[in-house]
Amino acid sequence: MSLYFLRRALGAVLVLLVISVVVYAIFYVAPGDPAKLACGPRCNPEQLRQVREQLGLNDPVYVQYWHFLQGIFVGHDYSTGTGTMHCDAPCFGLSYQNNQQVTDLIAERLPATLSLSVGVVVLWLLLGVGIGLLAVVRRGGLLERALIWLSLAGTATPVFVSGLALMMLFCAYLEWLPFPSYVPLTDDPEQWAWNMLLPWVTLALLGASIYARMTRSSMLETLAEDHVRTFRAYGVSERAIIGKHALRGAVAPIVAMTAADFGSLIGGTMLTETMFGLPGVGQMLVRSVQTVDLPVVVAVVMLIGAAVVVANIIGDTLYALADRRVALR
Amino acid sequence: MTDLIGTKEPEAVTPNGAAASGARQVWRRLRARKSALVAAAVLGLLVLLALGAPLLAALEGQDANTYHDALVDSARGGVPTGSLGGISADHWLGVEPGTGRDLFVRLLYGARVSLMVAVGATLVQVLVAVTVGLAAALGNRFVEGLLNGVTEVMIAMPLLVFAVALTAVVPPDFPRPALLVVVIGLVAWGGLARVVRAQALGLKKLDYVSAARLAGGSTWRVARRELLPGLAAPVLTYVAYLLSNNIVLEASMSFLGVGVKPPTPSWGQMLSSATTWFRTDPMYVVLPALMLLVTSLAFTVLGDAVRIALDPREKSRLGVGRSKKRRAAKKVKGGAA
């Protein structure tokens with residue numbers, strides 16, 4: 001087990017290093033002149049020279065990359081003309097827009113993104129497994145058909161369409177819910193949950209419909225197996241068969257898929273945050289892309305890459321724990 | 001590294017795909033599914049509408065970019081005058097709030113952009129994925145390991161995030177639809193590459209491929225003449241999925257404001273501006289949303305049908321239409337009662 005983790009950790013570090021090289025090459029080496037972007041639209045040649053010096057753009061590319069890595073692990077000093085400014089590790093540089101440390105900018109926006117994504121995962125697993133279970137209990141019936149078509153429609157519905165529809169219905173027409181705005185959990189937990197409800201449901205619906213289909217199909221598969229037939233012959237109740245045995249067969253694939261879907265969850269939070277105006281990391285990424293604020297873009301992409309790699313390791317481990325037939329290799 | 005997400009099994013190999021079962025048979029099986037027919041009809045209509053956009057615009061007597069200030073009520077913030085978003089004999093689907101541009105024509109041109117980007121990106125994806133997948137299946141251990149690692153990373157990474165980030169480094173004057181084709185195409189090919197590799201590995205073991213190799217065919221020749229035709233079935237199946245996915249990706253990026261730029265119409269962009277109008281002009285939300293939904297759903301249903309038609313042993317993954325599984329499920333329930 002510990003050997004497995006060592007191997008996976010080494011693999012993860014390697015993947016992250018490769019990603020960092022690729023990301024660095026794409027965003028800092030390819031686009032011509034980062035100094036011009038950092039300097040802004042009104043920039044005289046003298047300022048440009050200073051910025052180039054400050055960002056170390058006169059060094060060879062591999063030295064620049066080395067400084068970039070150094071910044072992440074031990075921090076980085078910037079000369080501001082009058083003195084030096086220390087950027088603590090993990091340092092991804094300073095925003096071109098306002099010269100704030102990128103790490104601070106991300107830290108500011110992390111709570112909103114975490115609020116959104118944790119709630120979404122809980123809700124989509126509950127809804128997904130619940131609907132799948134319902135479809136299996138009522139298999140062959142009209143309800144199952146309806147659930148299948150509904151989940152198909154849910155899968156094909158982009159977040160911003162379902163979000164708009166829900167907002168029109170619950171905020172504008174029925175006026176049951178407030179138009180979502182972010183209230184920090186630490187300020188007012190009740191308002192936090194009340195405001196997050198719509199974003200949670202919006203993003204969870206997409207995942208839930210995929211998970212409902214999968215729960216249903218893997219439970220039906222288990223129900224067709226020999227050992228289930230034996231249980232039936234022994235007189236085990238249908239309730240126990242579905243609730244205990246069939247559901248257990250669905251747990252492992254759901255765990256595996258949740259980890260593998262972590263990436264699409266993050267893409268979804270970006271859309272949801274933008275759509276509801278939640279001040280999260282995803283919304284910041286979109287804005288930074290529009291203003292070509294490269295340090296922020298690079299940091300967010302690296303951070304998300306790291307999160308996905310870690311999520312996959314956790315997912316694989318949980319999968320092996322849920323399904324004893326899978327050995328950790 | 002290859003087991004970054006070593007939890008998903010590669011797609012099942014279907015050694016006797018389209019070529020073996022015969023195109024006519026596939027066609028027959030496809031036609032037998034009602035859901036497939038409806039989906040194909042919807043998509044056919046959509047393509048016709050997109051192709052005929054200039055013609056239909058001329059028929060209506062409107063164009064995509066003329067502002068009609070008289071048709072919006074500036075006292076109410078620019079809401080279209082008249083009922084249902086200003087639907088009239090002149091403007092069949094009403095006008096855009098704020099500007100008064102004709103919605104019917106803008107939706108049609110939006111369909112053009114959507115389909116063009118989706119098809120273009122799919123072509124790039126197929127090209128990259130088939131190359132990578134074949135090379136991984138035929139290459140030596142080093143090449144295989146490297147390409148598998150890259151593929152797994154591409155599958156695990158959040159496509160939308162990467163695609164959005166990539167648009168940051170492209171010069172602003174680069175044509176946006178072409179940019180979307182390239183970005184989506186180069187980011188979202190991992191899944192197909194894995195399918196191609198699995199299929200090619202399965203084909204490699206078959207006798208006719210071994211025979212071709214023993215007869216002295218070069219790797220390139222074997223790949224092109226013996227393996228490529230066998231890849232058609234799984235690739236075709238995956239293409240329907242990619243098209244649906246790409247349409248949503250394009251709409252998402254345009255919604256986020258990093259996709260197609262105004263004044264070029266796009267459904268995602270309309271939905272983005274609709275977020276400020278949905279209280280006063282619901283039609284402006286409903287129309288582009290409906291177009292996007294119907295298109296995406298039609299591709300999904302058609303893809304499921306194509307997969308079953310190409311290999312009847314496969315079960316419907318969507319669970320729509322008549323399938324053995326449903327009958328089996330009924331039987332199980334009957335047995336329990």
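Among B:LEU55, B:LEU227, B:LEU302, the largest mean-square fluctuation in a Gaussian network model of chain B, built with springs joining Cα atoms closer than 10 Å, belongs to B:LEU55.
In what order do B:GLU60, A:GLU225, B:GLU152 fall by count of nearby beta-carbon atoms within 10 Å, going from fewest to most? Don't skip to the end; give the middle numbers.
Working: B:GLU60 17, A:GLU225 13, B:GLU152 22.
With the sparsest Cβ surroundings first, the list reads A:GLU225, B:GLU60, B:GLU152.
Here is the P(r) of segment A:1-147: all C-alpha pair distances, binned every 10 Å from 0, give 9, 24, 24, 16, 12, 9, 5, 1 in whole percents.
Can you give the average number of partner chain beta-carbon atoms within 10 Å of each beta-carbon in peptide A:296-305, as a whole number? If you can, show how the numbers build up before the last one.
Values: counts 1, 7, 2, 0, 3, 8, 0, 0, 5, 6.
That works out to 3 on average.
Taking the Cα centre of chain A as origin and assigning +1 to Lys and Arg Cβ atoms and -1 to Asp and Glu Cβ atoms, the resulting dipole is close to 1340 debye.
Legend note: in the protein assembly as shown, cysteines whose Cβ sits 4.7 Å or more from every other cysteine Cβ are A:CYS171. Residue exposure proxy: B:PHE162, B:PHE278, ordered by other Cβ atoms within 10 angstrom of their Cβ from fewest to most, comes out as B:PHE278, B:PHE162. Spatial offset of segment B:246-291 relative to segment A:260-329 amounts to 24 Å, using the alpha carbon center of each.
Given +1 on the Cβ of Lys and Arg, -1 on the Cβ of Asp and Glu, and no further charges, what dipole in debye does chain B carry about its Cα centre, rounded to the nearest 20? Numbers along the way, then the final one.
On the way: 35 positive and 20 negative charges, 461 e Å.
Charge dipole, chain B, about its Cα centre: 2220 debye, nearest 20.
Which GluC sites (Glu not before Pro) from segment A:172-223 combine a DSSP loop assignment with at most 13 other Cβ atoms within 10 Å? All intermediate terms of the calculation are to be shown ahead of the outcome.
Numbers: sites: A:GLU175, A:GLU190, A:GLU221; in loops: A:GLU175.
Loop-located and lightly packed - A:GLU175.
If you take each beta carbon of peptide B:151-158 and count the beta carbons of other chains within 10 angstrom, what is the mean?
Numbers: counts 0, 2, 8, 0, 2, 12, 11, 16.
That works out to 6 on average.
Modelled spin-label separation between B:VAL143 and A:HIS86, with each label point placed 7 Å from Cα along the Cα-to-Cβ direction: 5.2 nm.
Which whole number in µm²/s is D for segment A:81-127 by Stokes-Einstein, with the Kirkwood Rh taken over Cα pairs at 10 °C and 1.306 mPa s? Display every interim value, and only then the final one.
Numbers: Rh = 13.1 Å.
Translational diffusion coefficient: 121 µm²/s.
Straight-line cross-link partners of A:LYS244 among the aspartates and glutamates, defined as a Cα under 15 Å from its Cα and at least 8 positions apart when in the same chain: A:GLU221, A:GLU225, A:ASP323.
Phi-derived couplings, Karplus 6.51 cos²θ - 1.76 cosθ + 1.60 at θ = phi - 60°, listed residue by residue for segment B:208-225: 5, 6, 4, 4, 5, 5, 5, 6, x, x, 6, 4, 4, 5, 4, 4, 6, 8 Hz, with x used for Gly and Pro.
Where only DSSP H runs of four or more residues are counted, the protein assembly as shown gives -21500 deg cm²/dmol as its mean residue ellipticity at 222 nm, each run worth -39500 (n - 2.57). Under 1.5 on a/c is rounded, so check that first for the protein assembly as shown, then, if it is not, pick prolate when a/b is larger than b/c and oblate when it is not; a ≥ b ≥ c are the square roots of the alpha carbon gyration tensor eigenvalues. It is rounded, given that a/c, with a ≥ b ≥ c, falls under 1.5.
Within chain A, the selection of entire DSSP H helices by a Cα span of 24 Å or greater along the long axis and an average Kyte-Doolittle value of at least 1.0 returns A:2-24, A:102-137, A:294-322.
Sequentially through segment B:280-287, phi angles give Karplus couplings (6.51, -1.76, 1.60; θ = phi - 60°) of 9, 9, x, 4, 5, 7, 4, 5 Hz, Gly and Pro residues having no value and appearing as x. For segment B:205-247, the alpha-carbon radius of gyration amounts to 1.55 times the rule-of-thumb value 2.2 N^0.38 Å expected for a compact globular protein. What is the angle, in °, between the Cα long axis of helix B:176-187 and the longest principal axis of the Cα atoms in chain B? Nearest 10 is fine, range 0 to 90. Helix B:176-187 and the main axis of chain B meet at about 30 degrees.
With all pairs of separate Cα atoms included, chain A yields a Kirkwood hydrodynamic radius of 22.9 Å.
Helix B:141-156 axis versus longest C-alpha principal axis of chain B: approximately 30°, rounded to the nearest ten.
Other chains near A:12-23: what is the mean number of their Cβ atoms within 10 Å of each residue's Cβ? Present the calculation step by step, with values, prior to reporting the outcome.
Details: counts 2, 0, 2, 6, 0, 0, 4, 2, 0, 0, 2, 2.
Other-chain Cβ atoms within 10 Å of each residue's Cβ, averaged: 2.
Rounded to the nearest whole Hz, the Karplus-based 3J(HN,Hα) values (6.51 cos²θ - 1.76 cosθ + 1.60, θ = phi - 60°) of segment B:86-94 follow the sequence x, 5, 8, 5, 7, 10, 4, 10, x, with x at glycine and proline.
Report the chymotrypsin sites (Phe, Trp or Tyr not before Pro) located in segment A:104-206 that are in a DSSP loop and have at most 13 other Cβ atoms inside 10 Å of their Cβ, or state none.
Details: sites: A:TRP124, A:TRP149, A:PHE160, A:PHE170, A:TYR173, A:TRP176, A:TYR182, A:TRP192, A:TRP194, A:TRP200; in loops: A:TRP176, A:TYR182.
Passing both the DSSP loop test and the Cβ count: A:TRP176.
Test of understanding: in a Gaussian network model of chain B with alpha carbons linked when under 10 Å, which of B:LEU115, B:LEU186, B:LEU293 would top the mean-square fluctuation ranking? It is B:LEU293.
About its Cα centre, what dipole magnitude does the protein assembly as shown give when the only charges are +1 on Lys and Arg Cβ and -1 on Asp and Glu Cβ, stated in debye to the nearest 20?
Roughly 3860 debye for the protein assembly as shown.
Loop-located chymotrypsin sites (Phe, Trp or Tyr not before Pro) across segment A:223-302 with a Cβ neighbour count of 15 or fewer within 10 Å are A:TYR234, with loop assigned by DSSP. B:LEU93 sits among other residues whose Cβ lies under 13 Å from its own Cβ, and their net charge, with Lys and Arg +1 and Asp and Glu -1, is -3.
A Gaussian network model of chain A, with springs between Cα atoms under 10 Å, assigns the largest mean-square fluctuation among A:ASP59, A:ASP316, A:ASP293 to A:ASP59. Out of every Cα-Cα pair that segment A:123-233 contains, those further apart than 20 angstrom amount to 53 percent. For the pair B:TRP92 and A:TRP176, a Förster radius of 41 Å applied to the C-beta separation gives a FRET efficiency near 0.75, rounded to the nearest 0.05.
Other residues within the sphere of radius under 14 Å centred on the Cβ of B:GLN269, judged by their own Cβ, net out at +3 (K and R +1, D and E -1).
Ignoring aspartates and glutamates fewer than eight residues from B:LYS34 along the same chain, the ones with Cα atoms less than 16 angstrom from its Cα are B:ASP304. Here chain B is described by how far its Cα atoms reach on the three principal axes: 78, 59, 40 Å, from widest to narrowest.
Please report A:THR291, A:THR222, B:THR167 as a ranked list, fewest other C-beta atoms within 10 angstrom at the top and most at the bottom. Don't skip to the end; give the middle numbers.
On the way: A:THR291 14, A:THR222 18, B:THR167 23.
Lowest count first: A:THR291, A:THR222, B:THR167.
Taking amide H atoms as placed 1.01 Å from N in the peptide plane, the amide H of B:VAL72 lies under 5 Å from those of B:THR81, each 5 or more residues away in sequence or on another chain.
Per residue, the convex hull around the alpha carbon atoms of segment A:66-198 comes to 199 Å³.
Since every read-out is calculated from the coordinates, none of them should be taken as a lab result. Source: prediction; values computed, not measured. When we count neighbours, we look across all protein chains shown, and the Cβ atoms used for this are built from the backbone with ideal geometry, even at glycine.
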